[in-house]
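Enquirer: This is the structure, below, for whatever I ask next.
What follows is calculated from the coordinates using simple rules that are stated; it is not laboratory data. Note that the coordinates shown come from a computational prediction; the quantities given were computed from them, not determined experimentally. Reconstructed Cβ throughout: ideal geometry from the backbone, glycine too, with neighbour counts over all protein chains shown.
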Amino acid sequence: AHLARIDATDEKVHAFLHVDREGALAQARAVDAKRAAGEKLGPLAGVPLALKDIFTTVGVPTTVGSKILEGWIPPYDATLTRKLKEADVVILGKTNMDEFAMGSSTENSAYGPTGNPWDLTKIPGGSGGGSAAALAAFQAPLAIGTDTGGSIRQPAAVTGTVGVKPTYGGVSRYGMVAFSSSLDQGGPCARTVLDAALLHEVIAGHDPLDSTSIDAPVPPVVEAARNGSVAGMRVGVVKQFRGEGYQAGVVQRFDESVELLKELGAEIVELDCPSFDLAMAAYYLIAPSECSSNLARFDAMRYGLRVGDDGTKSAEEVTALTREAGFGDEVKRRIILGTYALSSGYYDAYYGSAQKVRTLISKDFEKSFEQVDVIVSPTTPTTAFAIGERTDDPLAMYLADLCTIPTNLAGNSAMSLPCGLAPEDGLPVGLQIIAPAMKDDRLYKVGAAVE
Ligand code: GLN
C-alpha cells in the first residue's frame with residue numbers, strides 16, 4: 001500500500017531519491033514468513049520506513065544528495081540501518097536531502113527539490129526534507145533524519161510532523177556520512193510522539209564502532225510517550241527565542257502552547273540565555289570547519305565520481321576536477337569558509353572564539369536546567385517559505401535554524417511537534433521541546449501531554 005502511495009504521489013512530492021521496491025517487498029515477505037513459522041518478530045515488524053540518503057545501505061545506492069557519490073553502492077550497512085533490519089522494519093527507500101545535509105530547504109540537493117505536501121510550491125524544510133515530506137504525504141509512517149543544526153526538527157515543524165534530535169551520542173553515527181562530526185546526530189521522524197518513541201528505542205544505544213557513542217542505557221522514551229504529563233513540571237521559556245523575524249502566527253501558536261502547558265499543571269519560568277544570540281555565528285564557523293576536514297575524503301580515488309582521468313593528468317588534477325564537478329555551490333561555500341577559519345593566523349580568532357561561545361551556550365543550558373525540567377520555544381521563526389525564495393540569500397536560509405542550533409552546540413536533546421496552523425497562511429507551526437543530555441524521555445513525556 002505504501003509503495004502504491006509513493007507511485008501515486010512521488011512524481012509531485014519527490015521525497016525519494018531511490019525507491020527500493022524489490023528490497024522492501026523481500027523484507028515484507030521475510031516478516032510474513034517469520035510470522036507464519038511462529039518465529040519471534042522484531043519490535044517494528046513489517047512497519048515501512050523512509051531512510052534519509054545519508055545512511056549507508058549495503059547494495060542500495062547512497063548519494064547524500066550529491067553528484068560526487070552518484071552511482072556509489074556501499075559495501076556495508078550503517079549501524080542504524082542494521083538495527084532497523086534487526087527490528088524487522090521494511091525500508092522503502094532513500095529520501096532526498098540537501099547535499100551533505102547542508103541546507104534548510106532540500107533545494108541544495110543535486111537531484112532537484114522536494115515539495116511540501118501541504119503546498120507543493122513551499123519547501124519541506126531541510127536538510128531532511130525528503131523524510132519529512134514522505135511522512136506528511138502518507139508515503140511512510142516512520143522516517144529517519146539527521147540533525148546537525150536542525151535538519152530533523154525544522155523539516156518536522158514545516159510539514160506538521162514529529163522529529164527528535166536525540167542526545168549527541170545517543171544514536172550511532174557509524175555509516176552516517178559525516179558533515180560536522182561533533183554536531184551530527186541521527187534520530188526518529190514520525191507522525192505521532194509515540195511512533196517516534198518506538199522508533200527511537202530501536203535505533204538508540206551504545207555502539208563500539210562510534211567513539212562518541214554514549215555507553216549508558218537508552219532513556220525510557222516509550223514509557224514516557226505512553227504516560228504524557230506535565231503536572232508539577234517546570235517549563236522554561238527563553239527570552240532570546242522571540243522578537244524580530246518571528247512570524248505573528250508562529251508566536252501566536254507558541255503562546256497558546258505555553259497557556260496549554262499551564263492549564264495542564266506546568267509552572268512556566270522565564271529564562272535569560274544571552275549566549276544563544278551568538279549560536280548562529282559560532283555554528284557557521286564550527287560546522288564548516290569540520291565539514292572542510294570531513295569532505296577531504298572525496299578525492300576521486302575512494303568513491304563514486306571521477307572526472308578527467310584520461311591518463312594525462314596528475315592525481316591532484318583529477319581530484320580537483322572531480323571536486324569542482326561533483327560538489328554543489330553550498331558545499332563549496334562551506335569548504336572554503338571552513339578552510340579559511342582553520343588556517344594559520346586565523347584559527348584562534350575564528351575557530352577558537354567559536355569554541356568559546358560553544359562553552360558559554362552549554363553553560364547557559366546547564367544554568368537553565370537547574371531551574372527547569374524542559375525548555376520550550378517555536379521550532380522555527382516562520383512557517384514553510386516558497387521554493388526559490390531564499391536560494392540567493394544564504395544568510396536568510398541560515399536563519400531557519402535560529403532556535404534549533406543551540407541544542408546541537410550543547411549536545412542535549414530536543415523534539416519538534418505540531419502545535420497548529422498559522423492563521424495567516426494555514427501552514428503547520430512546530431513547538432520545540434528541549435531537555436538535558438540523556439533525559440530524552442522528558443521530551444516524550446511533555447510531547448505526549450500536549451500533542
Ligand atoms: N541548516 C543547517 C545547515 O545548513 C543545519 C543542517 C543540518 O542540521 N544538517 O547547516
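Enquirer: How big is the gap, in Å, between the Cα center of region 203-217 and the Cα center of region 1-32?
Expert: If we compute the Cα centre of each part, the gap is 30 Å.
Enquirer: Rounded to a whole number of µm²/s, how large is the Stokes-Einstein D of the chain at 10 °C and 1.306 mPa s, given Rh as the Kirkwood radius over C-alpha pairs?
Expert: Details: Rh = 21.8 Å.
Result for D is 73 µm²/s.
Enquirer: So, one more: Between Ser229 and Asp32, how high is the FRET efficiency from 1/(1 + (r/R0)^6) when r is the Cβ-Cβ distance and R₀ = 35 Å? Nearest 0.05. Could the numbers behind the result be given before it?
Expert: On the way: r = 38 Å, r/R0 = 1.09.
After rounding to 0.05, the efficiency reads 0.35.
Enquirer: Another question, then. Just to be sure I follow the definition: excluding the sites themselves, where is the longest run in the chain that has none of the trypsin sites (Lys or Arg not before Pro) in a DSSP loop with at most 14 other Cβ atoms within 10 Å?
Expert: My reading of the result: 41-301 is the longest stretch.
Enquirer: Straight-line reach only, C-alpha to C-alpha below 19 angstrom: list the lysines that Lys12 could link to, leaving out same-chain residues fewer than 8 apart.
Expert: Lys52, Lys94, Lys122
Enquirer: Just from its helices, what would the mean residue ellipticity at 222 nm be for the chain, if runs of 4 or more DSSP H residues each count -39500 (n - 2.57) and the sum is divided by every residue, rounded to the nearest 500 deg cm²/dmol?
Expert: -11000 deg cm²/dmol, from helical runs alone.
Enquirer: In percent, how large is the relative contact order of region 127-230, given Cα pairs closer than 8 Å and 6 or more residues apart? It would help to have the intermediate numbers written out before the result.
Expert: Working: 191 pairs, mean separation 26.5, N = 104.
RCO, region 127-230: 25 percent.
Enquirer: Right, something else. How high is the relative contact order of the chain, given as a whole-number percent (alpha carbon pairs under 8 Å, six or more residues apart)? All intermediate terms of the calculation are to be shown ahead of the outcome.
Expert: On the way: 1125 pairs, mean separation 84.7, N = 451.
Computed value for the chain: 19 percent relative contact order.
Enquirer: Projected onto the charge dipole of the chain (+1 at Lys/Arg Cβ, -1 at Asp/Glu Cβ, origin at the Cα centre), which of Ser66, Ile91, Thr404 gives the Cα projection farthest towards the positive end?
Expert: Ile91
Enquirer: May I pose another question? Report the net charge of residues surrounding Ala224, where surrounding means a beta-carbon distance below 14 angstrom and charges are Lys +1, Arg +1, Asp -1, Glu -1.
Expert: Details: positive: Arg226, Lys439, Arg442, Lys445; negative: Asp195, Glu201, Glu223, Asp373, Asp440, Asp441, Glu451.
Once all neighbours under 14 Å are counted, the net charge is -3.
Enquirer: Then there is this: What is the Cα centroid distance between region 43-87 and region 420-439, reported in whole angstrom?
Expert: Here the answer is 28 Å between Cα centres.
Enquirer: Under 24 Å Cα to Cα from Lys262, which lysines show up? Leave out anything in the same chain fewer than 8 places away.
Expert: Lys239, Lys367, Lys439, Lys445
Enquirer: Where in the chain are the DSSP H helices whose C-alpha atoms run 20 Å or more along the long axis and whose mean Kyte hydropathy is at least 0.0?
Expert: Numbers: long enough: 21-36 (22 Å, -0.59); 248-263 (23 Å, -0.14); 279-294 (22 Å, 0.39); 353-371 (28 Å, -0.89).
Span-like helices here: 279-294.
Enquirer: A further question on this structure: Under a straight-distance cross-link criterion of Cα-Cα below 23 Å, which lysines are reachable from Lys40, leaving out those fewer than 8 residues away in the same chain?
Expert: Leaving aside lysines fewer than 8 places away in the same chain, those within reach of Lys40 are Lys83, Lys85.
Enquirer: Still on this structure: Which loop-located GluC sites (Glu not before Pro) does region 216-287 contain, where loop means any DSSP state but H, G, I, E or B and the Cβ has at most 16 other Cβ atoms within 10 Å? Before the final figure, lay out the partial values.
Expert: Working: sites: Glu223, Glu244, Glu256, Glu259, Glu263, Glu267, Glu270; in loops: Glu244.
Passing both the DSSP loop test and the Cβ count: Glu244.
Enquirer: Region 115-162 to region 345-386: how many Å between their Cα centroids?
Expert: Centre-to-centre distance over Cα atoms comes out at 23 Å.
Enquirer: Next question, about the same structure. Looking at the chain, what % of its DSSP beta bridges pair antiparallel, to the nearest 5?
Expert: Values: 29 of 45 bridges.
Approximately 65 percent, going by the DSSP bridge assignments.
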